[in-house]
Each structure stands twice: as C-alpha cells, then as structure tokens.
Amino acid sequence: FGIAIYKGLQAARRISLKGIYSSSTSTGYLKVSPYRAATLSDICIQVLDTSPKYNVTFSNIQVQAVSAIDPSLPVEKLEVQDHQLQAMDRVSMLTLRDCMQTVFEDGPRRDRRLWLGDLRLEALTNYFTFKHFDLVKRYLFLFAALPRGDGSLAATLFVFPKPQPAPDYITDYDALVEHTVYDYVVASAYLDTGRELWSTILGSMKGPLSNIDPNASRFDGSLTTAWKFCDGLPALDRDASIARPHDLYLQNTSMPSSLSSSPVNPPLSRMRS
C-alpha cells in the first residue's frame with residue numbers, strides 16, 4: 001500500500017509521469033494525474049507508441065508507503081490454533097492499517113471516503129489492536145463539524161480538497177453515532193470528548209426517532225424514504241437492525257423529550273445498558 005509517484009504518461013492504474021519523462025519537445029500534451037493512494041504489489045508501465053527518433057527511459061521511480069500506524073507497532077497476537085484464522089487475522093490487520101491514513105478510509109483500493117458505518121467497525125477493531133484513539137476522535141469531530149441542516153449526519157464525507165459532506169444519508173448509520181461515541185469513550189476513557197459530542201448524538205437520533213410507529217413503539221421503515229443500508233441484500237428486513245439502536249437510546253436517555261435539551265453533563269454512563 002502506498003502512493004506511487006511517477007510522471008508524464010498514464011500507465012497501469014494511476015501514473016503521473018512528471019520527473020520521469022524527459023524530452024526536448026514540449027510535454028504540455030501529457031496528461032498528468034493527481035497523486036492519490038493506491039494498493040499495489042507491482043507496477044506495469046506500458047509504452048503504447050513512440051517516435052522513431054526518441055527512446056523512452058524511466059528513472060528514479062519511487063513508492064512511498066504511508067499509514068498513520070507505525071509498521072513496527074506491536075499488536076497482540078490472536079491466540080487461536082487454526083492457521084487459517086491466524087492468516088485471516090494477519091491480512092485483516094494489514095488491511096486496517098492501510099485504511100488508517102488521515103482518517104479511516106473505506107478501503108485501500110476505494111475512493112478514500114469516510115463512512116459512518118465503516119468507522120464503527122474499524123474503530124472497534126482498532127481499540128483491540130493499534131489503539132490509535134486520536135484517529136477515531138478526528139473522524140468523529142469531522143462528522144460533528146459538518147451536520148446536515150436538520151442536525152443529522154451525512155453517511156459519508158470527502159476530505160479533499162476540503163472536508164465536505166456527501167448528499168448520501170443512511171438512517172441506520174445516523175443511529176449508530178451514539179454507539180460509536182460510547183465505544184470510543186469506554187475504550188479511551190476520554191469522557192470530555194463524549195460530552196463535547198453530546199449535541200451531535202442528539203441531532204443524529206432525531207431523524208431515526210421520527211420514524212417510530214406511535215402504536216407499536218418500534219421503528220417503521222415505511223415511514224421514511226431514506227436509505228436503510230443494514231445489508232446489501234434487498235430482501236432483508238431492515239427494521240429490526242435499526243430498532244436496536246433506537247431501543248438502547250430510549251433506555252439510556254430516559255425520555256425522548258431529552259432531545260430538546262443539551263445537558264452540560266450528559267449521562268454517558270447510561271448511554272448503553
């Protein structure tokens with residue numbers, strides 16, 4: 001995993017030739033791609049055509065491996081006898097490390113976005129492995145700084161060229177914010193961070209709670225046209241998976257009316273039973 005830096009032509013997956021290609025003629029016609037992250041084990045550069053008067057040479061090709069995590073950081077070994085599970089754990093750790101850049105990215109081969117659903121899973125794994133709490137905190141505050149107009153949170157953010165929310169909204173991702181903050185506070189013991197994010201938690205639950213069936217006191221997905229992710233299989237009933245965060249929220253904030261206030265000392269100890 002890393003950023004492949006080269007210049008001038010475009011070859012293989014992503015190539016920026018500036019500095020590698022040299023010619024006595026103008027290079028203005030060459031399309032130069034912006035630098036970006038890529039996962040790679042090798043690079044293939046294919047020269048499609050040249051002038052018979054010139055040769056193409058490549059020199060000083062470099063790959064810079066980048067991660068927020070020190071590769072030498074010791075991680076507690078998974079104590080299992082199954083060799084296949086050991087291999088899966090090792091690959092999983094490498095994948096997570098490669099996704100830990102300035103934020104938790106959605107995958108080393110994807111578009112470097114931040115997704116709320118990905119955050120919770122990656123953060124939980126991080127607490128038991130790399131323990132990089134500052135990266136989780138940065139991620140949470142990025143979302144908190146860019147709420148939607150109604151106080152809910154976008155499902156995903158872009159961080160380049162500047163942080164901005166995408167138009168995507170996923171109901172169950174919004175409902176997971178309370179869980180994610182709670183997990184962070186418990187794992188890091190940074191209670192003040194939880195207090196600072198309390199208004200964000202309240203805002204993120206207003207949308208999901210507005211879809212409660214008043215008769216059954218349960219989440220009813222038919223009351224909203226918002227995207228309900230849960231799983232990629234359309235035939236699955238998503239209401240049950242979203243109902244659980246709602247139940248926990250209602251149990252641990254006493255009354256839904258508490259959404260109308262923002263306590264100075266929120267009951268973080270009661271945010272999950």
Looking at region 128-233 from every direction and averaging, what is the projected area of its Cα convex hull in nm²? 8.5
Based on the mean of other beta carbon atoms within 10 Å per residue, what is the order of 203-209, 221-227, 57-63, most packed first? 203-209, 221-227, 57-63
Rank-order 47-55, 183-191 by packing density, defined as the average count of other C-beta atoms within 10 Å over each peptide's residues, highest first. 183-191, 47-55
State the extension gain, in nm to one decimal, for the chain segment bounded by LEU223 and ASP49, taking 0.36 nm per residue of separation less the distance between their alpha-carbons. 56.7 nm
Mean Cβ count within 10 Å, highest first, over the residues of peptides 132-141, 146-155, 112-121: 112-121, 132-141, 146-155
Over 20 Å apart: what share of the alpha carbon pairs of region 44-154 falls there, rounded to a whole percent? 56
From Cα coordinates alone, what are the radius of gyration and Dmax values for region 97-171 in angstrom? 11.9, 36
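Just so you know, all these numbers are worked out from the coordinates, no wet-lab data involved. Computed from a predicted model, the values in this text were never measured in an experiment. Heads up, the Cβs are rebuilt from the backbone with ideal geometry, glycines too, and the neighbour counts pull from every protein chain shown.
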